[in-house]
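To start, the structure under review is shown below, and the notes come after it.
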Amino acid sequence: MEPSLSDITGLGRNVNGRVPSTLLESVPSAHEFDKVRRERDFRFLGLTLFCAVLIGVAFTLFELDSPIVPLLLIGIVAFVVLLWRFPMVSLYTTLVACSALEVFPSPHPDEFTGRVGFWLNLNMILKGQGINASGMPVNPFELVIVTSGLFSLIQAIFGNRVSIRFGTLITPLAFYTGLVVLNYFRGWADGSDYTVMLQEMRCQCYLLITYLLALNTIREKKSVRKFFWIFALCVGLKGILYTYRRYVTLAGMEISDQGVGSHEEAFFFNCFVALLLSLWLCRAQFRLQGWMWILLPMVILGFLATNRRAGTAGFILTVPIILLMAYCTMPSRRKAAAICGLLSVTLGPAYYVTFKNSNSSIAQPARAIRSHFQPDERDRQSNEYRDAENANIMATIKESTLTTLTGYGYGKPFLKVVPMAYIGNIYEFWDIIPHNTVLWVWMRTGLLGLTAFFSVLCYAILGACRTMRNVGRGLDADSQAVIIWGVGVIVAIVVAGFYDLQISNSRNMALVGLVLGLMEGLYLRFAAPSDSPSTSQAIRSAESVHNLDSLPPANPTT
């Protein structure tokens, strides 16, 4: 009888019995391996920081007027090391930049988040330090994304684990981004300024970039929790800052038409309220809820200080949609959603009747609603300007059949068939980027682009509805909150886009892309295979796992 494989190799019996004890003792333990790895990482980080300090000393020896450049170089080197070691840093950096850092700084003396310049071109940042860098129309966000993507690609190739998830939204997203790029070249062919075109179109590309970033990096439940915490604390910080500015820096003076800060902040305050409502309805993240309830008064006061009618419209439409979705998909919270809905229907009209003629800060939403029916002189002029602006945009869209279908091109001022006031002294892109950014999308990318843009949002909402079918069948509370909040964010950006400069804003589109990536990741994991035929077998098998913590960690390319 021939010996079996187990007899030859010793497998199936005590394998270690055939290995000399001295050899076993010489094999390092897992703890020792981990200790060596940690020491290597700390040595590498220390060496990098030491080199950065040397660079700073060298610049100081050249007698620069400001230490900003050496400090910036040190920060860049350290940040690059973190990107290499921790790929999730790019996601969290993007989220912090979206939630807390304005695109343009305000002139108020207490401004500090807007002075970071994360969304400004490097040539603008360096120009403020007396350095000429006119050939660098790229911002720090884009450098972070490119660097992170390059590092992830290198690590994936050498680790033999190249894996990129695209999701079901990739087709309309790629088609829309393609039309954006096409109309960039059309504007370039028509002689438009390339810096103006970049200012317009880059935020539309961010939608696809941040979608892929979130979809390919968030694989664990703890990452979703961190996402919630970072967003809530950053927006809460802005609420505190705007409240301080309103009542301390400005000493309670009357708020100007432009508010006390950036226009897009009202959208983020709405998203904060939507997240808190979603967490409460889903009974998720109780500790985070506690902090958000503490920050809510500051967020509301900050929201009122923005003085944006678009923010009020977004709040009025977003909250009912969230309540309706919770009522239809979560039987256990149907009563709570119904009570909140009844309170809104009861208290809302009472609030409007009481405060519609008041000049107090708390009456700002009521005045915003009244402005649509009984506008004062300021609101009447604003409404007339926007009506003329919309008429001119529609005239530009109808310039030719080709323009209607494929777009007018970026960087070109819209036609002015209807007279409108000149506001170039307060808004540089007054005839480039209008208030109604939904019509702006149509004008720049044509009917095909507008259809692709709304297809992305509609597919995401359909995917959210399909995912919510799994309530009670493995869809945990955090995932439910992501889905409901994501629908609220989509509604908020569309409503804000109709009334204000929101869809054309880099921060807004980057956040929407991140949220879409979050939603799509849950859809791929929880939706039935029949709902997502393109889902890979690995994703389908993961659907049977009820906890996101059990999914294997991934470091794919982004």
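The values are calculated or read from the model by the stated rules, or taken from the named source; none is laboratory data. Worth saying up front: this structure is predicted, and the values here are computed from it rather than measured. When we count neighbours, we look across all protein chains shown, and the Cβ atoms used for this are built from the backbone with ideal geometry, even at glycine.
Below are the figures for this structure:
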item	result
Filter pass, Glu111 being assigned to a loop (DSSP other than H, G, I, E, B), at pLDDT 80 or above and not polar (S, T, N, Q)	yes
Matching entry among Leu233, Leu275 (being of a type in the set (A, V, I, L, M, F, W, C) and surrounded by 21 or more Cβ atoms within 10 Å (Cβ to Cβ))	Leu275
All positions within the range 442-476 that are at pLDDT 90 or above and either in contact with a Ser or Thr (Cβ under 7 Å, 6 or more places away or on another chain) or hydroxyl-bearing (Ser, Thr, Tyr) (or both)	Met443, Thr445, Gly446, Leu447, Leu448, Thr451, Ser455, Tyr459, Gly463
Evaluation of Arg333 against (1) modelled with pLDDT under 90; (2) within 27 Å of the chain's Cα centre (by Cα) (one fails), failing number	(2)
Selection count, the range 412-433, where residues are under 26 Å from the mean Cα position of the chain (by Cα) and modelled with pLDDT under 90	4
Sole residue being among the aromatic types (Phe, Trp, Tyr) and within 17 Å of the chain's Cα centre (by Cα), chosen from Phe453, Phe498	Phe453
Only listed residue being touching a Phe, Trp or Tyr at 6+ places or on another chain (Cβ under 8 Å) and under 20 Å from Glu254 (Cβ atoms), chosen from Pro375, Pro365	Pro365
Total residues in the range 175-204, condition part of a helix (DSSP H, G or I) and surrounded by fewer than 19 Cβ atoms within 10 Å (Cβ to Cβ)	11
Count - residues of the range 328-338 that are surrounded by fewer than 17 Cβ atoms within 10 Å (Cβ to Cβ) and not hydroxyl-bearing (Ser, Thr, Tyr)	6
Criterion violated by Gly128 - all others in (1) over 19 Å from the mean Cα position of the chain (by Cα); (2) modelled with pLDDT under 90; (3) surrounded by 20 or more Cβ atoms within 10 Å (Cβ to Cβ) satisfied	(3)
In the range 347-400, the residues that are of a type in the set (S, T, N, Q) and at pLDDT 90 or above	Asn390, Asn392, Thr396
From Leu501, Leu516, residue being assigned by TED's automatic domain parsing to the domain that holds Thr318 and either part of a helix (DSSP H, G or I) or buried (at least 24 other Cβ atoms within 10 Å of the Cβ) (or both)	Leu516
